[in-house]
Amino acid sequence: MSNGDFVLKEKIAQIGKICNSLGTSEEIFLELTTPRVFKEKIRPIIKGKKSLIYPVWRVWHCNPYSTGADPHKGGFRYHPNVTEELMIVLAMGMTEKCAIADVEFGGAKGGIAINPADYTKTELRSITEETAKVFLKRGILHPDRDSFGPDVGTNSETMYWMYNKVADENDKYQLPNVTAVVTGKPVEHHGCPGRENATARGGLIVLKELIKISHCLPEKGATLAIQGFGNVGAHTAFLASDLTQFNFKVVAVSDVTSGIFNKNGLDFTSISTWHEKHKTFRGYKNAEEISNEDLLLLPVDVLIPAAIENQITSKNAEKIRAIVVEELANEGVTQEAHNILHRRGIPVIPGVAANSGGVVMSFEEWAINRGPRWHEVDLPKIYDSIEQKFAEIMRRVIIKVFEKSQKENWSLSDTAHFLAIEAVYKKLKQKHGYK
Ligand code: NAD
């Protein structure tokens, strides 16, 4: 059985439990647990040839809005762990994330089981363009049906390749507002200022607010260990020490190859120069080398898994020494580990609340792309007003989760999933007339 199967069973059991306590009908439970899976084959140009076939997945989970007016939304990833089951679980998480932040999208996720490090840029572009073509042909990639975004192994450049291919092919399809088929695009290609680091920024706003309202840590100077140094992890590391906004101290960071630790704090200007050049932290002088496993067990104030799923599990949850855990990676903490950490009195801000900043900002990008022409928009002005709204949304998410968890004496994770499913349920009742 793959990792993905195991997580999917847990996820369905969690939804079932929440449906029971809400007293939903069987139809609602079925809608929440029956995703639509699109599996296609592509033949990109690899090593100059179009010989290999790659399976690609896109999963639509429940959309409590009307697909065709409000699309499904979710990341598209390139990582060897991609399986159909994992994509389903992550699509389910997207539905919840949108619901908890009041973003009018249904959940989606997709990807290809490849390690992008094994391919050249030209090959990755070919993989992305073939994906765009196949999902465009199926009527899936569409600004009002499904808008893709960056995720593990993909970034703003990948999103640009995808959008550009769709735009190229659009004579045939005549899609309206074609810029909105993907979000997370570079700002100069119809992207939105602030989207690139939105997941990290949102996570830090949520963390700061939780500390303020729960008094679990002093409001200034908490130490952070961050697993992952991609879009989410690296932006978190850079923004965390901003004295006016956050005032945290990052003492450890890792990527897939290794990690570094310095109890006095890490200097990310020199670290990122090193990392960009060597593609690893190994050999960096002003810190001690540690493994990914060691990073998770450091005695820090806040531990932030920001890499991939299944990092804090029943195997290491008893040994975690952080005071708070913030799950920025989707499914970074397994259900069993959530339960262990809750029993041990360690609050875990779950992914559906902690990392919803990415989709909140994606909504802004999608909405602007569907609205006035981008060149007529005053970017700095838009950015200022979106930024303020963004911070309010993120704070509102964690305040409502924290207050309900206190009232019910539930973990933050159980509470966030309950609130999310409850919000979806209310909308589905209106949509279908189910109980
Ligand atoms: P990324 O590909 O940019 O970075 C992933 C990082 O994790 C890299 O530094 C990589 O070296 C590291 N990594 C990979 N495998 C690892 C392993 N086995 N052990 C330790 N480190 C490992 O991806 P990202 O966009 O930063 O996404 C990270 C997480 O955040 C994912 O779970 C993703 O779904 C979630 N997320 C991302 C966004 C977004 O906007 N990019 C939004 C919401 C949630």
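Relative contact order of the chain, taken over Cα pairs closer than 8 Å and 6 or more residues apart, is 16 percent.
Couplings 3J(HN,Hα) of the stretch 357-369, computed from phi: x, x, 6, 4, 6, 4, 4, 4, 4, 4, 5, 5, 4 Hz, in residue order, whole Hz [Karplus 6.51 cos²θ - 1.76 cosθ + 1.60, θ = phi - 60°; x for Gly and Pro].
Computed over protein heavy atoms with a 1.4 angstrom probe, the accessible surface ordering of 427, 319, largest first, is 319, 427.
Neighbours of residue 270 by Cβ distance under 12 Å: Lys/Arg scored +1, Asp/Glu scored -1, total 0.
Counted by Cβ distance under 13 Å from residue 343, the other residues give a net charge of -2, where Lys and Arg count +1 and Asp and Glu count -1.
With each label modelled as a point 7 angstrom along the Cα→C-beta vector, the residue 388-residue 276 pair spans 3.4 nm. For the chain, the ratio of Cα radius of gyration to the globular rule of thumb 2.2 N^0.38 Å stands at 0.94.
Measure off, as a whole percent, the carbon and sulfur share of the 1.4 Å-probe accessible area of the chain, all protein chains present. Whole-percent figure for carbon plus sulfur exposure: 50. Taking amide H as placed 1.01 Å from N in the peptide plane, residue 253 has its amide H under 5 Å from the amide H of 226, 260, each at least 5 places away in sequence or on another chain. Each residue of the stretch 381-396 was assigned a 3J(HN,Hα) from its phi angle through the Karplus expression (A = 6.51, B = -1.76, C = 1.60, θ = phi - 60°), giving 5, 4, 4, 4, 6, 5, 4, 5, 4, 4, 4, 5, 4, 5, 5, 4 Hz with x at Gly and Pro. Beta bridges per DSSP, both residues in the stretch 3-180: antiparallel share near 55 percent. Amide H to amide H distances under 5 Å link residue 154 with 78, where only residues 5 or more positions off or on other chains count and H is placed in the peptide plane. Beta bridges assigned by DSSP with both partners in the chain are antiparallel in approximately 45 percent of cases.
In terms of its alpha-carbon gyration tensor, the stretch 193-259 comes out oblate; a/c meets the 1.5 threshold, while b/c is at least as large as a/b. Residue-wise HN-Hα couplings along the stretch 336-344, as the Karplus relation 6.51 cos²θ - 1.76 cosθ + 1.60 with θ = phi - 60° gives them from phi, are 4, 5, 4, 5, 5, 5, 5, 4, 7 Hz; Gly and Pro carry x. Probing with 1.4 Å while keeping every protein chain in the model, the per residue accessible area of the stretch 3-180 equals 39 Å². Adding -39500 (n - 2.57) for every DSSP H run of four residues or longer, then dividing by how many residues the chain holds, sets the calculated 222 nm ellipticity at -15000 deg cm²/dmol. Extending 7 Å from Cα along the Cβ direction at residue 243 and again at residue 45 yields two label points whose distance is 5.3 nm. Scanning residues 5 or more positions from residue 72 or on other chains, those with amide H under 5 Å from its amide H are 106, 146, 147, with H placed 1.01 Å from N in the peptide plane. Exposure check, 1.4 Å probe, all protein chains in place: residue 396 carries approximately 120 Å² of accessible surface.
Sequence-distant contacts, meaning Cα pairs under 8 Å at least 6 residues apart, place the relative contact order of the stretch 107-241 at 19 percent. Residue separation of residue 12 and residue 343 scaled by 0.36 nm, minus their Cα-Cα distance, works out to 116.9 nm of gained length. Estimated from the Cβ-Cβ distance and a Förster radius of 30 angstrom, the FRET efficiency linking residue 20 and residue 291 is about 0.15.
The values are calculated or read from the model by the stated rules, or taken from the named source; none is laboratory data. None of the values given here were measured: they were computed from a predicted structure. A quick note on method: Cβ atoms are made from the backbone with ideal geometry, for glycine too, and the neighbour counts reach across all protein chains shown. Surface areas here come from the heavy atoms of the whole protein model, side chains and all, with no ligands, DNA or RNA. Shrake-Rupley method; radii C 1.70, N 1.55, O 1.52, S 1.80 Å.
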